[in-house]
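Colleague: Please read through the structure below; I'll follow up with questions.
The values are calculated or read from the model by the stated rules, or taken from the named source; none is laboratory data. Keep in mind it's a predicted model, so treat the numbers as computed, not measured. Note that we place each Cβ from the backbone using ideal geometry, even for glycine, and neighbour counts take in every protein chain shown. Protein only, heavy atoms only, side chains kept; ligands, DNA and RNA dropped before computing areas. Shrake-Rupley method; radii C 1.70, N 1.55, O 1.52, S 1.80 Å.
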Amino acid sequence: MITPEPVNQSLSHSSPRPGAGPEGMMEQELDLRQYLAVMLNHWWVILLILLAGLAAGAAYCTLATRQYRATCRYELVQEARLSLQKMDSRTAMEMLDRELNKLVLYMEGGSLGDKVMARLESEWAAKIPESARAAKVRVSRLRKADTMVDISVDAIDADYALAYLKELLNAYQQLRRDELLETTEKALTKLREEQVSLAKDLQGAEDSLLEFKEKHNIQFTQTKAEFDEKFMANLVQRQNALRMERTMLDSQFPFLEKASAAMIQDVLSLTMQTKQATGSVGGSIVDLNADALSSPTKGGGDRVQWEEEKDWQKKEAEVLRLEAKYQDELQTYKASHPKMLELRQQIDEAKRELNLTARIAMKRLKSRYDAIKIQEKALDDSARAWRQELNLSTRERAEYENLRAKVEHLRKLYDQVYGRVLDGGIASVDTVFTRLVDSPRALEAAVWPNRLKIMALALIASLGLGVGLAFLLDYLDTSFLDVVAIEQRLGLHYLGGIPDWARSVKTFNSKVSKIVVTRDKSDVPTETYRTLRAGIEHSIGEHDHYVMLVTSGDESEGKSLTSLNLAIAQAWTGKRVLLVDGDLRRGTLHKQFKLDGKHGLADFLTGAVADSKTVMQQTSYENLTILPSGKFQHELPELLSPSRLRNLLEEWRRDFDLVVIDSAPVGRVVDTALLSRACDGVLLVVRHGKARFGDVRHCLGRLPQDKMVGFVLNGLELSNKKYGYYGNQYYAYYGSYNRQYTYGG
């Protein structure tokens, strides 16, 4: 046998999945049809509210007070004097926006309404009652012209609206003039106070500057500061020259320890040249002293050095001359000749004198190094003393400059404030004036009530209210109508739906027979229970010798009808099926097979019979055996102990492949709850449109949740538009379903 997918997959998910393909489109279509079915079911509510809304709109149009309108166009222009301030366009637009906001606030806010009505009272007191003199003012800005606005006034009389508008414009202009005068006066007062304060500050600053000049000789201080800066510059330059020469000597001494006289003299000469290149600057006192020490033509120290340098050169030349003569004489005399020995002695004496000259030059170089260090220290002390003097004069000059800058700043501020006071003190940058573009005029036709708008709003509002009320009524309806709601609220698996056979099958009569399945042909009832059979097999899986209890929350919900036809459909598959009438009080299943029901399950439980097989009866259907309920006795509920029921069910499992127990309503008696604990699974039958969520939830609380196979909706009204979601789809489904699958029945 091929087990198909259960039917509930096509019916239990009405909302489409995001991104679904054709299946999602079909589910969305079904969802819209469901909403349409709700509206069609409550059409009378929607129609009633729609008619009431249209009637209310028509009544309002008839009874509403007529409103007439007067209108004009205004333009806000920047004042000419403000353009002299060279404001950018953004600043000007911000100013105009503020002015427009003020205009809207004054006119629409009602702050001018009392003044206007008071001025019009003498003229219109006899024409318009006091309660109707208030007018509605509206200010709207033009899109194409940012500076223009349309001002409209709605009142019960066209002439009164026109007079109200004119008086409103006059009141607004007077109010703005008063505000401008008040703002100007406040600005002038503030400017005068600021002028007096600045005059005092300026006088105090000038007095402080004069006192500072008298206390400090500014001319002498400035001249002295300039001389000090130049002198400090010369000192710093001389310090740098001495520091450089000392650094050079420090680095040269290690190389001059074993140097020749020529090299030492060259180093000394280069040192003097470096001193001459860096020591003479400017014509200052320091420059003159430096020149006296460094110039080869000024001072005796350098002349002595020059003379020593010439003597060193003579001695070197003498050594070279004697060595050359010695080489020439070697050609004539031997080295041991007295003349050659004398010449050798002269050469050695000349070299000793030359070395002595090098040592003297080296000593003078070290003496110069010590002198440089002494002079460098003296310059540091002198620079430190002059720096203190220079810092003192610099502070005095900085203090003087600060006082002078403060005086200049206060004088500039005073001149600006004084100029603004003389100019008139127009301190408000919000000053604009208005220009009347279109003069006030009254419209002939009434602007309210607008019949078309009112009726359209009434239609939309009443239609929306009616549809909302229809869905509210549908939401408050707690009967079992929506498969998705049942699954979500109860967490129960939907296995299939059974139509109301009394309405859909003309020949069906439950009083005559509740058997609607026929094996000879594939009609709707037969395919319905075959589909239910497939769904149950898919839900419970492959189980041999399975015991299933069929119950409902209350009577007349179709549990016996479901048990009977489902057992027959299961027997068609070749399984050995036992149908047990578990309704010990009102069991009637034996009548459907025209069998004797005097003895049955009750006799076995009371001990009247020792074996339940003795009260079982074979039906006219192959593989289907029935166990009637028997005669009820009051002590039967106490005999339904768990251990006894388990033993009884084990006996039935050994002889049958499937046991279907048609029990009493679980909400009525305790028998069903006791039987459900011993069974393998429980199938709940719910009457479509009759059962309530609260009742079914109460029944589920009495049943073991881990053994719930699912639920079946019984009594679907296929012809009712409200249940179109479940209706004609069954017929179309069964036709295609029967073509896809083949059953053993």
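Colleague: Could you tell me how many of the residues in the range 700-726 are open to solvent by 30 Å² or more (accessible area, probe 1.4 Å), within 45 Å of the chain's Cα centre (by Cα) and at pLDDT below 85?
Modeller: Summing the residues that are open to solvent by 30 Å² or more (accessible area, probe 1.4 Å), within 45 Å of the chain's Cα centre (by Cα) and at pLDDT below 85 in the range 700-726 gives 1.
Colleague: Of the conditions (1) at pLDDT 80 or above; (2) out of contact with any Pro (no Cβ under 9 Å at 6 or more places or on another chain); (3) of a type outside the set (D, E, K, R), Ala187 satisfies every one except a single condition; which number is it?
Modeller: For Ala187, the failing item is (1).
Colleague: Moving on. Could you tell me which residue of the range 131-170 is nearest to Glu99 (Cα to Cα), considering only residues that are part of a loop (DSSP other than H, G, I, E, B) and of a type outside the set (A, V, I, L, M)? Don't jump to the end; show me each part of the working.
Modeller: Taking the range 131-170 first, the residues part of a loop (DSSP other than H, G, I, E, B) are 133-135, 142-147, 156-157.
Then drop every residue that is not of a type outside the set (A, V, I, L, M), which leaves 133, 143-144, 146-147, 157.
Details: Arg133: 28, Arg143: 17, Lys144: 18, Asp146: 12, Thr147: 10, Asp157: 30 Å.
Once the filter is applied, the top-ranked residue is Thr147.
Colleague: Let me ask something else. Mind listing just one residue for me: the one in the range 467-492 that is touching a helix residue (DSSP H, G or I) at 6+ places or on another chain (Cβ under 7 Å) and at pLDDT 85 or above and, of those, farthest from Leu684 (Cα to Cα)?
Modeller: So the residue we want is Val467.
Colleague: For the range 89-124, enumerate the residues that are among the basic types (Lys, Arg) and either at pLDDT 85 or above or more than 35 Å from the chain's Cα centre (by Cα) (or both). Explain how you work it out, then say what you get.
Modeller: Step one: filter the range 89-124 for residues among the basic types (Lys, Arg), giving 90, 98, 102, 115, 119.
Matches in the range 89-124: Lys102, Lys115, Arg119.
Colleague: Within the range 146-162, identify whether any single residue is open to solvent by 20 Å² or more (accessible area, probe 1.4 Å), over 50 Å from the mean Cα position of the chain (by Cα) and farther than 16 Å from Tyr68 by Cα, and answer yes or no.
Modeller: Checking the range 146-162: not a single residue is open to solvent by 20 Å² or more (accessible area, probe 1.4 Å), over 50 Å from the mean Cα position of the chain (by Cα) and farther than 16 Å from Tyr68 by Cα.
Colleague: Of the residues Arg81, Arg17, which single one is in a loop (DSSP other than H, G, I, E, B), modelled with pLDDT under 70 and not small (Gly, Ala, Ser)?
Modeller: On the way: Arg81 fails: in a loop (DSSP other than H, G, I, E, B).
Step by step, each of Arg81, Arg17 is checked, and only Arg17 is in a loop (DSSP other than H, G, I, E, B), modelled with pLDDT under 70 and not small (Gly, Ala, Ser).
Colleague: What number of residues within the range 669-692 are within 54 Å of the chain's Cα centre (by Cα) and over 17 Å from His545 (Cα atoms)?
Modeller: 9
Colleague: Quick one: in the range 436-474, which of the residues that are part of a loop (DSSP other than H, G, I, E, B) and of a type outside the set (Gly, Ala, Ser) is surrounded by the most Cβ atoms within 10 Å (Cβ to Cβ)?
Modeller: Kept after step one, since they are part of a loop (DSSP other than H, G, I, E, B), are these residues of the range 436-474: 443-447, 449-450.
When the remaining residues are screened for being of a type outside the set (Gly, Ala, Ser), the result is 443-444, 447, 449-450.
On the way: Leu443: 15, Glu444: 8, Val447: 14, Pro449: 18, Asn450: 14.
For the range 436-474, the residue satisfying everything is Pro449.
Colleague: If the requirement is being within 30 Å of Glu229 (Cα to Cα), in a helix (DSSP H, G or I) and touching a residue at least 24 places away in the same chain (Cβ under 8 Å), which of these qualifies: Lys377, Lys373, Lys351?
Modeller: Numbers: Lys377 fails: touching a residue at least 24 places away in the same chain (Cβ under 8 Å); Lys351 fails: within 30 Å of Glu229 (Cα to Cα).
Every option except Lys373 fails the conditions.
Colleague: Test Leu403 against the stated conditions and say whether it is of a type in the set (A, V, I, L, M, F, W, C), surrounded by 12 or more Cβ atoms within 10 Å (Cβ to Cβ), in a helix (DSSP H, G or I) and at pLDDT 75 or above. Working first, answer last.
Modeller: On the way: of a type in the set (A, V, I, L, M, F, W, C): yes; surrounded by 12 or more Cβ atoms within 10 Å (Cβ to Cβ): yes; in a helix (DSSP H, G or I): yes; at pLDDT 75 or above: yes.
It is true that Leu403 is of a type in the set (A, V, I, L, M, F, W, C), surrounded by 12 or more Cβ atoms within 10 Å (Cβ to Cβ), in a helix (DSSP H, G or I) and at pLDDT 75 or above.
Colleague: Restricting attention to the range 359-387, and to residues there that are surrounded by 11 or more Cβ atoms within 10 Å (Cβ to Cβ) and of a type in the set (S, T, N, Q), which single residue is nearest to Ser269 (Cα to Cα)?
Modeller: Gln375
Colleague: Sticking with this structure for a sec: Can you find a residue in the range 605-613 that is under 30 Å from Val696 (Cβ atoms), open to solvent by 10 Å² or more (accessible area, probe 1.4 Å), at pLDDT below 95 and touching a helix residue (DSSP H, G or I) at 6+ places or on another chain (Cβ under 8 Å)? Give the derivation first.
Modeller: Filtering the range 605-613 down to residues under 30 Å from Val696 (Cβ atoms) leaves 605.
Applying the additional criterion that residues be open to solvent by 10 Å² or more (accessible area, probe 1.4 Å) yields none.
Checked the range 605-613: no residue is under 30 Å from Val696 (Cβ atoms), open to solvent by 10 Å² or more (accessible area, probe 1.4 Å), at pLDDT below 95 and touching a helix residue (DSSP H, G or I) at 6+ places or on another chain (Cβ under 8 Å).
Colleague: Among the residues in the range 564-572, are any touching a residue at least 12 places away in the same chain (Cβ under 8 Å) and open to solvent by 30 Å² or more (accessible area, probe 1.4 Å)? So that I can check it myself, show each step before the final result.
Modeller: Of the residues in the range 564-572, the ones touching a residue at least 12 places away in the same chain (Cβ under 8 Å) are 564-572.
Right, trim to open to solvent by 30 Å² or more (accessible area, probe 1.4 Å) and you get none.
Looking for residues that are touching a residue at least 12 places away in the same chain (Cβ under 8 Å) and open to solvent by 30 Å² or more (accessible area, probe 1.4 Å), one finds none in the range 564-572, hence no.
Colleague: With touching a Lys or Arg at 6+ places or on another chain (Cβ under 8 Å), hydrophobic (A, V, I, L, M, F, W, C), modelled with pLDDT of 70 or more and assigned to a helix (DSSP H, G or I) as the only criterion, which of Met232, Met244 stands out?
Modeller: Met232
Colleague: Regarding the range 539-551, can at least one residue be identified that is open to solvent by less than 20 Å² (accessible area, probe 1.4 Å), among the polar types (S, T, N, Q) and at pLDDT 90 or above?
Modeller: Yes, the conditions are met somewhere in the range 539-551.
Colleague: So Tyr743 fits all but one of (1) crowded, with 16+ Cβ neighbours inside 10 Å; (2) within 25 Å of Ala502 (Cβ to Cβ); (3) of a type in the set (Ser, Thr, Tyr); (4) at pLDDT below 85; what number is the exception?
Modeller: (2)
Colleague: Could you tell me whether any residue of the range 658-668 is of a type outside the set (Val, Ile, Thr), at pLDDT 90 or above and under 16 Å from His545 (Cβ atoms)?
Modeller: Yes, the range 658-668 contains a residue that is of a type outside the set (Val, Ile, Thr), at pLDDT 90 or above and under 16 Å from His545 (Cβ atoms).
Colleague: Just the residues that are among the polar types (S, T, N, Q) and closer than 20 Å to Val685 by Cα, please, taken from the range 497-508. Spell out how you get there, then give the answer.
Modeller: Going residue by residue through the range 497-508, those that are among the polar types (S, T, N, Q) are 504, 507.
Matches in the range 497-508: Ser504 only.
Colleague: Name the residue, out of Leu11, Leu30, Leu76, that is surrounded by 12 or more Cβ atoms within 10 Å (Cβ to Cβ) and modelled with pLDDT of 50 or more.
Modeller: Numbers: Leu11 fails: modelled with pLDDT of 50 or more; Leu30 fails: modelled with pLDDT of 50 or more.
Just a single option satisfies the conditions, and that option is Leu76.
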